[in-house]
Amino acid sequence: MTNDELKANYPNVYKDLECGPGWNALIGEVFAIAESHLSKMPGFKFAQIKEKFGGLRMYFDEGDDYIAGAVRLAESVSFRTCEVTGKPGRLFKRGGWVRTLCDEQAELDGFTPVKGG
């Protein structure tokens, strides 16, 4: 799913993304849950959606435990999903930068595996 598709499909909760397209499916699932739950969260909005320390981060205002659980699940799964391709991934590093990538993307971008990642 592209950013444009996310914006078109979830206009009430969409927030510009500061991460790669490989996580768009995860983000789309959270957007779908949030849109279906909006009547119970009248002040809800995403404040920021980005990559941080190799994983997805979805910050929001005025949500509830239901949306918090969906966000935590997506953030957890992101550490096993390539941020670029959406394929299964793991943590890689290059200098001080850590990203979750598939083996192929890591090789293309010059990243090496993180031990235990």
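In this structure, is P88 over 9 Å from the mean Cα position of the chain (by Cα), in the same structural domain as K115 (by TED's automatic domain parsing) and either touching a residue at least 12 places away in the same chain (Cβ under 8 Å) or more than 25 Å from G116 (Cβ to Cβ) (or both)?
In short, yes.
Tell me, please, whether a residue that is touching a residue at least 60 places away in the same chain (Cβ under 8 Å), farther than 20 Å from D4 by Cα and surrounded by fewer than 18 Cβ atoms within 10 Å (Cβ to Cβ) can be found in the range 21-36. Quick ask: steps written out before the conclusion?
Going residue by residue through the range 21-36, those that are touching a residue at least 60 places away in the same chain (Cβ under 8 Å) are 21-25.
Then keep just the ones that are farther than 20 Å from D4 by Cα; that gives none.
No, the range 21-36 has no match at all.
Please specify each residue of the range 1-56 satisfying the condition of being part of a helix (DSSP H, G or I), of a type outside the set (D, E, K, R) and over 22 Å from T85 (Cβ atoms).
Passing the criteria: A8, I33, A34, S36, L38, S39.
Which residue out of R99, R72, R57 is basic (K, R) and buried (at least 21 other Cβ atoms within 10 Å of the Cβ)?
R99
Just to be sure, is Y66 hydroxyl-bearing (S, T, Y), in a helix (DSSP H, G or I) and either modelled with pLDDT of 95 or more or surrounded by fewer than 18 Cβ atoms within 10 Å (Cβ to Cβ) (or both)?
yes
Name the residues in the range 84-111 that are under 14 Å from P21 (Cα atoms), of a type in the set (D, E, K, R) and assigned to a strand (DSSP E or B), would you?
Matches in the range 84-111: R99 only.
The values are calculated or read from the model by the stated rules, or taken from the named source; none is laboratory data. It should be emphasised that the depicted structure is a prediction, and the values quoted were computed from it without experimental measurement. As a convention, Cβ positions derive from the backbone with ideal geometry for all residues, glycine included, and neighbour counts pool all protein chains shown.
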